[in-house]
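One structure is given here, and the rest of the page talks about it.
What follows draws every value from the coordinates through simple rules; no lab data is involved. The model shown is predicted, which means the values in this text are computed figures rather than measured ones. Cβ coordinates were reconstructed from backbone atoms using ideal geometry, including for glycine residues, and neighbour counts include every protein chain displayed.
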Amino acid sequence: MMTGGGVPFTPIEVDLVDGRRVRLREVRADDLDEVRQAFDRLSAESRYMRFMSPMRQLSPRMLEETVHPQQKRDLALVAETDAPDGIDIVAGARCLVQPDGETCEFAVTVADGWRRVGLASRLMRELVEAGRARGLKHMEGYVLSTNQGMLDLASRLGFTARMDPHDATVTIVRLSLST
């Protein structure tokens with residue numbers, strides 16, 4: 001949650017290009033089980049693209065960090081939809097302010113059945129807005145060079161791309177948040 005030095009995120013309803021609707025809101029501590037279930041529904045390929053390594057499950061520490069973002073440092077959003085048992089989380093996006101206090105690193109995860117409907121781009125635009133509102137100067141992300149979908153989205157949003165000098169399998173995308 002970007003509180004204190006940041007602007008809190010106001011939940012919003014979003015219509016996707018395929019007619020489905022989701023609610024975007026900040027993650028909460030009581031989302032732990034839903035976050036675990038959302039991860040479990042991801043394909044092995046989706047997990048690899050997001051975490052850059054094969055992952056069978058999120059560790060208890062990763063789950064806790066996901067649902068308890070550090071105030072004044074992080075913004076963690078989820079996209080939820082109504083489900084028979086309450087809600088399902090179908091996407092998540094996170095922005096972590098780096099130690100320099102001027103840059104934030106983003107990450108986005110979208111469930112396999114929810115891609116190519118405008119969800120990742122909407123989440124990214126919300127993160128960019130939040131970063132600007134907080135006065136950050138840059139947003140960057142580390143993307144597998146084979147993740148063409150994310151690289152294309154970053155390009156459409158105005159990010160520049162360069163190969164990671166330490167890892168040829170990773171592309172660093174960066175956006176100036178100065179307006």
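What the table shows:
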read-out	value
Environment charge of Arg94, counting only residues whose C-beta is closer than 10 Å and scoring Lys/Arg +1, Asp/Glu -1	-3
Whole-number D in µm² s⁻¹ for region 3-115, Kirkwood Cα-pair radius fed into Stokes-Einstein, 37 °C, 0.692 mPa s	220 µm²/s
For region 143-167 versus region 38-109, the gap between their alpha-carbon centres in whole angstrom	19 Å
Computed magnitude of the charge dipole of region 1-105 (debye, nearest 20; Cβ of K, R +1, Cβ of D, E -1)	220 debye
Dipole moment magnitude, nearest 20 debye, the chain about Cα centre, only Lys, Arg, Asp, Glu C-beta charged	440 debye
Antiparallel DSSP beta bridges within the chain, percent to nearest 5	90 percent
Volume per residue of the C-alpha convex hull in region 37-102, rounded to whole Å³	117 Å³
Net charge of neighbours whose Cβ lies under 11 Å from the Cβ of Thr160, counting Lys and Arg as +1 and Asp and Glu as -1	+1
